[in-house]
């Protein structure tokens, strides 16, 4: 490994641990082309004009054309982008490649034209305002159907009778994979592959969907470092209900992912997207 690669991997580790509290899919499988609307977010950290796979920051999803028609909207988490200006990052890059760390690097990179996050965001569980958008040139995302956003209060109706816990859910994202029961404890690895995994809803709060990412209990998994901003789908559909926010440090217990059917989410996202 040369010094440049070592530097980039070190940068990735810092970003994933400091800026993105949860990331890659645990106990998942390579997604292939099952979810082409899920993409990876990058920044040119070494300022060399070339984006490499190890400059990945977070995950996210294509949410469609903006309501004014001026941009394509990439939905992610606020904490994935709000730190950027403070360290001189004024442009982000998005790729929908399903393997961003292979020999070809992230394919089809799209440079942002703007980005924004909920101004009320503050990094704590009580806020529930972890919403961000990266705006891409209109028409730059081609051949990909967008995710489907939920209607207002869509999840509340499922609480009755415990129906929400019976939903078949699927998490999709890029980032670090966690391997358990290894000598020395949990082992983390990053290969830049988009992965998916079945996951279970554990509960619901006013701001978050709680997921059980303990594979021993569910047979599925959840997100880990690098999946921040990634969507959780109702399995077999393009319908998403939340974006990845925060999990436990070992990526094997409960994760709290931000609901996007709440008044706060809709107030922010409605500035950029036509909502159902």
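The values are calculated or read from the model by the stated rules, or taken from the named source; none is laboratory data. Just so we're clear, the structure is a prediction, and the values are computed from it rather than from any experiment. Cβ coordinates were reconstructed from backbone atoms using ideal geometry, including for glycine residues, and neighbour counts include every protein chain displayed.
Only a single criterion out of (1) farther than 20 Å from residue 200 by Cβ; (2) at pLDDT 90 or above; (3) in a loop (DSSP other than H, G, I, E, B) is not satisfied by residue 115, namely (3).
Please state which one of 99, 47, 82 is surrounded by fewer than 22 Cβ atoms within 10 Å (Cβ to Cβ) and over 27 Å from residue 255 (Cα atoms).
Values: 99 fails: over 27 Å from residue 255 (Cα atoms); 82 fails: over 27 Å from residue 255 (Cα atoms).
47 is the lone residue from the list that is surrounded by fewer than 22 Cβ atoms within 10 Å (Cβ to Cβ) and over 27 Å from residue 255 (Cα atoms).
Counting only residues that are part of a loop (DSSP other than H, G, I, E, B) and without any contact (Cβ under 8 Å) to a residue 24 or more places away in the chain, which one in region 76-105 is farthest from residue 41 (Cα to Cα)? Step by step, filter region 76-105, then rank; the result is 103.
Residue-by-condition table, conditions (1) at pLDDT below 75; (2) surrounded by 19 or more Cβ atoms within 10 Å (Cβ to Cβ):
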site	(1), (2)
185	yes, no
192	no, yes
200	no, yes
203	no, no
208	no, yes
213	yes, yes
216	yes, no
219	yes, no
223	yes, yes
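Within region 124-137, the set of residues being in a loop (DSSP other than H, G, I, E, B) and surrounded by 15 or more Cβ atoms within 10 Å (Cβ to Cβ) comprises 127, 128, 129, 130, 131. Residue count for region 94-106 under the criterion of being at pLDDT 95 or above and more than 19 Å from residue 172 (Cα to Cα): the result is 0.
From the list 113, 89, the one residue that fits, being closer than 20 Å to residue 69 by Cα and more than 18 Å from the chain's Cα centre (by Cα), is 113.
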